[in-house]
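The values are calculated or read from the model by the stated rules, or taken from the named source; none is laboratory data. This is a predicted model, so every value here is computed, not measured. Every residue, glycine as well, gets a Cβ built from its backbone with ideal geometry; the counts of neighbours run over all protein chains shown.
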Amino acid sequence: MFPEFGQFSLILSLLLAILLATVPLAGSLAGRASLQAFARPLAAGQFVFVAIAFGVLTYAFMVDDFSVAYVANNSNSLLPWYFKFSAVWGAHEGSLLLWMLILAGWTLAVAIFSRRLPAVMTSQVLSVMGMVSVGFLLFLLMTSNPFDRILPNVPTNGADLNPLLQDFGLIVHPPMLYMGYVGFSVAFAFAIAALINGRLDAAWARWSRPWTTVAWAFLSVGIALGSWWAYYELGWGGWWFWDPVENASLLPWLAGTALMHSLAVTEKRGVFKSWTVLLAILTFSLSLLGAFLVRSGVLTSVHAFASDPTRGQFLLALLAITIVSSLTLYAFRAPVVHSRIRYGSASREIFLLLNNVLLMAAMLLVLVGTLYPLILDYLDMGRLSIGEPFYNLTFSPVAIAVGLLLGAGIFSRWKKTDGGWLARKLLWPAAVSLIVAVLVPLWMGKFEPWAFAGCFSAAWIVSATARDLLDKSASRQGRWHGLRRQSRSYYGMVLGHLGLALTMAGATVVSNYGVERDVRMSPGDTVSIENIDFAFVQIGERQGANFRAETAQVDISRDGRKIATLYPEKRQYTVQRSVMTEAGIDAGLARDLFVALGEQVGDNAWAMRIQYKPLIRWIWLGSLFMAAGGILAIADRRYRIREKVPVKPAALPDREPDAGRAVPEAMS
């Protein structure tokens, strides 16, 4: 009866979500504080019952309860306990329950940390999140129940977890990614609540901005973990494959990045209000689109969940309802909150606007590349594969342009910036960037136009940020005192921009100067790449907990000096009889040496994939910098709301914001 208790908990959480979606909203519209007061208890109750359901499913995995169909299909008694735990979200039903748990957690977090917000705003935000919860709980219970039983013929053992998912990456990657996906529902809820009550002003942007930034930081880490996981687990040695499911996570990240910058302008200058709301709706809609692509069965990918058409239709209906209803509300309410605040052609507002335009252009390129083949296939107009060449030709120039615009925008000022002063500020960052962009190809031994452009853009961001830090450190009390005066938001911006530069530099160098060779080797053979010798010493076997592996020993040396020994494996899993590749990697900040063991191609010969990957670790290090910058930015003291502000259902007056309010000099 234990699994039935989990299902009953989900039903109770659905009832509470329905009440959360209706009662506080009715109270806010009718002006009844007694009804608004139900919002927080309902949010807490919903979280408790979803957490109970998740705990019940986890327990079923840990005790090998194969009477539960989901456990029988995704676990095995030989599976190590830590993979049994991660198997809870290793397939569709459990991952959707994790999604719902995180959504309930975000709802509870808003309820806890919004006690100083106006009661009307809080009740409306929580009601909107309750509506989202209703949709996903219905989806979970009607099409994706993780507690379905196999009775009376209970299998003696399970079918095992997909060997591709028997990795540390499964433990950390989906939770981080879902924290980002689902976190954007908070920004969406704040936007819808603001449209309902007509309050699209600096205070609304200040309330929304920390939640958006936290979600963006989680999504940044989740995407980086997915890239790292694919790099070492799939045996291909690539860090990004432009897989449609990978693109599904990149789309809301690009829109969320634009949303963060737009919120900054709305908070500090009171402009771009309608644009900011539209971005909030778009970002969350793209998160739902990602869920549809992964779970509808329209994609064939190693990342996708096997799903039936019914689930796809349900998600498509949920996506359509969200987009149509929110855009309808936007169409009626957005015109009343326009602003007529003026700013110059070289102002920070213009730089941030152009930044958002480029980010949206990048998002549209990825969206078209992802959906166009699916649409053609659906209309029986043929099959088309859009891969790396398309994105290299279209996405790369936009990304480089974003970097160049960012470096120039660091020195811009609100309202108006003197063009001559800005040009003088950019002189030595431009000189430094040009030198770096020339030296890197010389160092790598080959000139590549894209490498020159990418390195210039990355160096441009770093040198402009360094120049800005130098300017802000100027103080009569000394440079250290000048730096201490800057806000956490400013240093969060610095970390975020440096992280972007690191990621751009790593992606540029490894894409243009990485070396890959597929060779046939026997024990005793040696292959040289970039003056590094890879010697195939021997092949052996080892027995794992639920697999048998053939393990090669490869000694790596340079100029006769041993650098490392790698042990790439070819594993055969006991239950599913599937074969997986475990690469051997010698990791370093400057380069990775990558060896993957392929198939046996002779009596004593094996296929080997050997790769030299310069600066590839910078890609993931940059992502961590960006996420850390986001977390540091929300620690700024101006996000600590100390007093309640009454909410009036009226638009912000068309005037300049209070000039006396101190704001940090930061782009985001």
Test: residue in region 238-259 that is over 15 Å from the mean Cα position of the chain (by Cα), under 22 Å from M626 (Cβ atoms), assigned to a helix (DSSP H, G or I) and in contact (Cβ under 8 Å) with a residue 24 or more places away in the chain: no
Qualifying residue in region 372-386 (condition: under 23 Å from G496 (Cβ atoms) and part of a helix (DSSP H, G or I)): no
Single residue of region 574-594 satisfying the filter (among the hydroxyl-bearing types (S, T, Y) and closer than 20 Å to W236 by Cα) that is modelled with the lowest pLDDT: S578
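Of all the residues that make up region 539-552, how many are in a strand (DSSP E or B) and surrounded by 11 or more Cβ atoms within 10 Å (Cβ to Cβ)?
Step one: list which residues in region 539-552 are in a strand (DSSP E or B), which gives 539-543, 547-552.
After this cut, where a residue has to be surrounded by 11 or more Cβ atoms within 10 Å (Cβ to Cβ) as well, the list is 539-540, 542, 547-552.
Of the residues in that region, 9 qualify.
Every residue, every condition in (1) in the same structural domain as R609 (by TED's automatic domain parsing); (2) among the charged types (D, E, K, R); (3) within 30 Å of G454 (Cβ to Cβ), yes or no:
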residue: G496; (1), (2), (3): no, no, yes
residue: R548; (1), (2), (3): yes, yes, no
residue: Q553; (1), (2), (3): yes, no, no
residue: E569; (1), (2), (3): yes, yes, no
Set M100, M129, M142, M121: member being touching a residue at least 40 places away in the same chain (Cβ under 8 Å), part of a helix (DSSP H, G or I) and surrounded by fewer than 22 Cβ atoms within 10 Å (Cβ to Cβ): M142
Close pairs from region 364-375: first closer than 15 Å to A291 by Cα, partner assigned to a helix (DSSP H, G or I), Cβ under 7 Å, at least 6 apart: L367/L251; T370/P244; T370/N247
Residue identified as more than 16 Å from H497 (Cβ to Cβ) and either touching a Gly at 6+ places or on another chain (Cβ under 7 Å) or at pLDDT 95 or above (or both) among V398, V440, V368, V462: V398
Residue in region 554-563 that is among the hydrophobic types (A, V, I, L, M, F, W, C) and touching a Gly at 6+ places or on another chain (Cβ under 9 Å) present: yes
Residues satisfying the stated conditions in region 536-584, i.e. without any contact (Cβ under 8 Å) to a residue 12 or more places away in the chain and farther than 30 Å from N74 by Cα: G560, R561, K562
Options S463, S412; residue that is assigned to a helix (DSSP H, G or I) and surrounded by 17 or more Cβ atoms within 10 Å (Cβ to Cβ): S463
Residue count for region 30-50, restricted to those that are surrounded by fewer than 17 Cβ atoms within 10 Å (Cβ to Cβ), free of Cβ contacts under 8 Å to residues at least 60 places away in the same chain and part of a helix (DSSP H, G or I): 4
